[in-house]
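**Q** Before anything else, here's the structure in question.
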Amino acid sequence: MEFRQLGRTGERISTIGMGTWRIGVYSTPAERAGQVQALRRGIELGCNLIDTAEVYADGRSEEVVAEAVDGSRERVLIATKVSPDNLRHDDVIAACDRSLKRLGTRYIDLYQVHWPNPHVPIRDTMAAMERLVREGKVRYIGVSNFSVSQTEEAQDALSNNELVSNQVEYSLVQRAPEADVLPFCRRAGLTLIAYSPLARGRVPHGKIPERVCAKYGMTPPQVMLNWVTRDDRVVAIPKASDPAHMQDDASSVSVRFSDEEYRSIGGGQGSSH
Ligand code: NAP
């Protein structure tokens, strides 16, 4: 596994992390056990970043994550998110306490604002985030689905901490971050956490040259993950509930394509950066 710097911290996070949307949705104990196993397999393969959120499966995603990291908590970074309905100061504090309880941990490594809420002053939210850092409940602060100007406002609202990341949708079929968010992350030293990097499983086969797959012995989803993490400011958090998918995802960044190959991916629309 390849590792990258989280923001400007000394923390090393795996280029391929693990998403958990719909983890925690299960109809049998066996299905839940399979989800735990898939996450444990990812940890064994070197994925040390697990992304969840208070809203995923009404909190049950966080509970499954807790079970998966039991025995390896110190080896992984847990990233969770506070929902846009809970961004007032006291609501952030209460939401964090609920997440800590469900996660069965004393601290959250990366606490992210899931979406901006224009009705709540960002200063309110960030004051609560800094209190959580002071109290040792949160190690690093991040945002998600923030534009460049919203990210700058969030950073300005912090007194003693730096934002370390912005989590946005980025994939071969969703390239909007290349216009502004990614260049900003590079300039400001933030990590871009690419969500839905596999286009939610709808792989655009026409955009992935067969010769690249054949040369590296990769599947199209592996090529997508390699492509999206070309810039060393980007990490991706695919969700895989199938252990075979987890294995493929974790091994997708063991080689790097040539510049010409990168350019040929995505329908020849030019280099990603
Ligand atoms: P995704 O990771 O783009 O795609 C997930 C789908 O791809 C699943 O159906 C999965 O199948 C399949 N898959 C995974 N690895 C594969 C492989 N090697 N070969 C073939 N298929 C493969 O979609 P996502 O869940 O939307 O995004 C990932 C994570 O980003 C989420 O889980 C969540 O943590 C985060 N996210 C954040 C936000 C936000 O607002 N911040 C929004 C959306 C998502 P199996 O499950 O069957 O393995």
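The values are calculated or read from the model by the stated rules, or taken from the named source; none is laboratory data. As the structure is a prediction and not an experimental result, all values here were calculated from the model. Because the Cβ atoms are built from the backbone with ideal geometry, glycine has one as well, and the counts that use them run over all protein chains shown. Each accessible area value is taken on the protein alone, full model and side chains, heavy atoms only, with ligands, DNA and RNA left out. Shrake-Rupley method; radii C 1.70, N 1.55, O 1.52, S 1.80 Å.
**Q** So, in the range 246-257, of the ones that are away from the ligand (no atom under 13 Å from the Cβ) and of a type outside the set (A, V, I, L, M), which residue ends up farthest from the chain's Cα centre (by Cα)?
**A** Only one residue tops the list, namely PHE257.
**Q** Out of (1) in a loop (DSSP other than H, G, I, E, B); (2) in contact with a helix residue (DSSP H, G or I) (Cβ under 7 Å, 6 or more places away or on another chain); (3) modelled with pLDDT under 95, the odd one out for ALA38 is which?
**A** (1)
Let's see how each residue does on (1) under 22 Å from ALA53 (Cα atoms); (2) more than 16 Å from the chain's Cα centre (by Cα); (3) buried (at least 19 other Cβ atoms within 10 Å of the Cβ); (4) not basic (Lys, Arg):
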site	(1), (2), (3), (4)
ASP180	no, yes, no, yes
LEU190	yes, no, yes, yes
ALA199	yes, no, no, yes
GLY206	no, yes, no, yes
GLN222	no, yes, yes, yes
VAL235	yes, no, yes, yes
ALA244	no, yes, no, yes
ASP259	no, yes, no, yes
SER264	no, yes, no, yes
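**Q** Tell me which residues, restricted to the range 187-211, are within 6 Å of the ligand (Cβ to nearest atom) and either farther than 27 Å from HIS114 by Cβ or of a type outside the set (Lys, Arg) (or both).
**A** TYR195, SER196, PRO197, LEU198, ALA199, GLY201, listed by residue number.
**Q** While we're here: With respect to the numbered conditions (1) of a type in the set (S, T, N, Q); (2) at pLDDT below 95; (3) assigned to a helix (DSSP H, G or I), which one is the sole condition not fulfilled by SER61?
**A** All conditions are met except number (2).
**Q** Evaluate the following for VAL120: is it open to solvent by less than 70 Å² (accessible area, probe 1.4 Å), assigned to a strand (DSSP E or B), touching a residue at least 24 places away in the same chain (Cβ under 8 Å) and over 14 Å from GLU62 (Cβ atoms)?
**A** no
**Q** Those residues that are among the small types (Gly, Ala, Ser) and more than 16 Å from SER196 (Cα to Cα), I need them from the range 135-164; list them, please.
**A** GLY136, GLY142, SER147, SER149, ALA154, ALA157, SER159, listed by residue number.
**Q** I'd like to check something: does the range 26-39 contain any residue that is under 21 Å from VAL113 (Cβ atoms) and crowded, with 16+ Cβ neighbours inside 10 Å? Lay out the reasoning, then the answer.
**A** Going through the range 26-39, the residues under 21 Å from VAL113 (Cβ atoms) turn out to be none.
No - not one qualifying residue is present in the range 26-39.
**Q** Residue by residue through the range 147-171, note down the ones that are out of contact with any Pro (no Cβ under 6 Å at 6 or more places or on another chain), farther than 13 Å from GLY7 by Cβ and near the ligand (Cβ under 10 Å from one of its atoms).
**A** Listed by number, the list holds a single entry, GLU169.
**Q** Something else: Can you tell me which of (1) closer than 24 Å to VAL113 by Cβ; (2) in contact (Cβ under 8 Å) with a residue 40 or more places away in the chain; (3) among the aliphatic types (A, V, I, L, M) is the one ALA66 doesn't meet?
**A** (2)
**Q** Can you find a residue that is within 13 Å of THR80 (Cα to Cα), touching a residue at least 24 places away in the same chain (Cβ under 8 Å) and within 14 Å of the ligand (Cβ to nearest atom) anywhere in the range 34-50? Give the derivation first.
**A** Kept after step one, since they are within 13 Å of THR80 (Cα to Cα), are these residues of the range 34-50: 49-50.
Cutting the leftovers down to touching a residue at least 24 places away in the same chain (Cβ under 8 Å) gives us 49-50.
Now restrict to residues that are within 14 Å of the ligand (Cβ to nearest atom): 49-50.
Checked the range 34-50: at least one residue is within 13 Å of THR80 (Cα to Cα), touching a residue at least 24 places away in the same chain (Cβ under 8 Å) and within 14 Å of the ligand (Cβ to nearest atom).
**Q** Find the residue count for the range 212-228, including only residues that are out of contact with any Gly (no Cβ under 9 Å at 6 or more places or on another chain) and within 13 Å of the ligand (Cβ to nearest atom).
**A** Here the count works out to 10.
**Q** Checking LEU110 against (1) open to solvent by 70 Å² or more (accessible area, probe 1.4 Å); (2) touching a Phe, Trp or Tyr at 6+ places or on another chain (Cβ under 6 Å), only one condition comes out false. Which one?
**A** With (1) open to solvent by 70 Å² or more (accessible area, probe 1.4 Å); (2) touching a Phe, Trp or Tyr at 6+ places or on another chain (Cβ under 6 Å) applied to LEU110, the lone miss is (1).
**Q** Moving on to the next point. Working carefully through the options LEU182, LEU198, find the one that is modelled with pLDDT of 95 or more, in contact with a helix residue (DSSP H, G or I) (Cβ under 9 Å, 6 or more places away or on another chain) and not small (Gly, Ala, Ser).
**A** LEU198
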